[in-house]
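Taking it in order: structure first as structure tokens, then the write-up.
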Amino acid sequence: DFGVVGDGTPNFTFLFDDITLVSGGSPLAQMDLPVTFDDPAVDYGLIPFGGSASAAVIVDPTLATNKVAKVIKTNTAELWAGTTVTAVAGTVQTGFSANIPFTATEKRMNVRVWSPHAGIQVTLKVEDKNDPTKSCETEATVTTASGWQTLEFNFANPAAGTAALNLAFNYNKASIFFNFGVTGATAG
């Protein structure tokens, strides 16, 4: 209570203990693909935006030995609400440590998802962490309610109105949008 005069009562009695010198320790490693959320030495950053209330790494409710990212979309969420998978150093989003290895023949990514509802659209966006104008988005539809499934996102087929995949770009950051195009937490 620095700057406040005490009066010697229990209201102004504080305790402290164990003052030690802390070594620098090892910084967490920048994440790379595949992103598993399981390695405690990796910086799994999640940045919710557009009304996604929160995004955090938690213990998988269906398998206690697994860690997953949990995203909550609020009732006031924008239709473009989502979560960026990136660590942050200062004010800079660091994305993945290496570019996503797209090639002329391999333009697909998989994401395991769990949704309480089937039939919702999920959008996956990849971009250059240093230039957000260099991006590509594609979509997949959840077909399993209240269960895990693997969605395949084929960037050879970009979402309507978005840029095509350009193999000359450095795609090294990803964002995921659940129930894209629907405002709030409505299921459909």
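Rolling a 1.4 Å probe over the protein chains gives LEU165 an accessible area of about 30 Å². Considering only ALA104, GLY90, ALA64, the residue lying farthest towards the positive end of the dipole of the range 63-155 is ALA64, judged by Cα position with unit charges set on Cβ. Taking the protein heavy atoms of the range 50-114 in the context of the full set of protein chains, the accessible area attributed to carbon and sulfur is 57 percent at 1.4 Å.
Its residue count N sets the reference 2.2 N^0.38 Å, and the alpha-carbon radius of gyration of the range 78-188 equals 1.08 times that reference. For the range 82-156, the dipole from Cβ point charges (+1 on Lys and Arg, -1 on Asp and Glu) about the Cα centre works out to 120 debye, to the nearest 20. Near GLU139, once Lys and Arg are set to +1 and Asp and Glu to -1 for all other residues with Cβ below 12 Å from its Cβ, the sum equals -1. Computed about its Cα centre, the charge dipole of the range 58-188 is approximately 200 debye, with only Lys, Arg, Asp and Glu carrying charge at their Cβ. Which of the lysines could be linked to LYS129 by a straight reach, that is with a Cα gap under 17 Å, when you skip same-chain ones fewer than 8 residues away? Output for LYS129: LYS173.
Put a plus charge on the Cβ of each Lys and Arg, a minus charge on the Cβ of each Asp and Glu, and nothing anywhere else: the dipole of the range 27-115 about its Cα centre is then about 240 debye. For VAL57, neighbours were defined as the other residues whose beta-carbon sits under 15 Å from its Cβ, and their charges (Lys and Arg +1, Asp and Glu -1) total -1. Ordered from largest to smallest accessible area (heavy atoms of protein chains, 1.4 Å probe), the residues MET31, MET109 come out as MET109, MET31.
The values are calculated or read from the model by the stated rules, or taken from the named source; none is laboratory data. A quick note: this is a predicted structure, and the numbers were derived from the prediction, not measured. Reconstructed Cβ throughout: ideal geometry from the backbone, glycine too, with neighbour counts over all protein chains shown. SASA here: full protein model, heavy atoms, side chains in, ligands and nucleic acids out. Shrake-Rupley method; radii C 1.70, N 1.55, O 1.52, S 1.80 Å.
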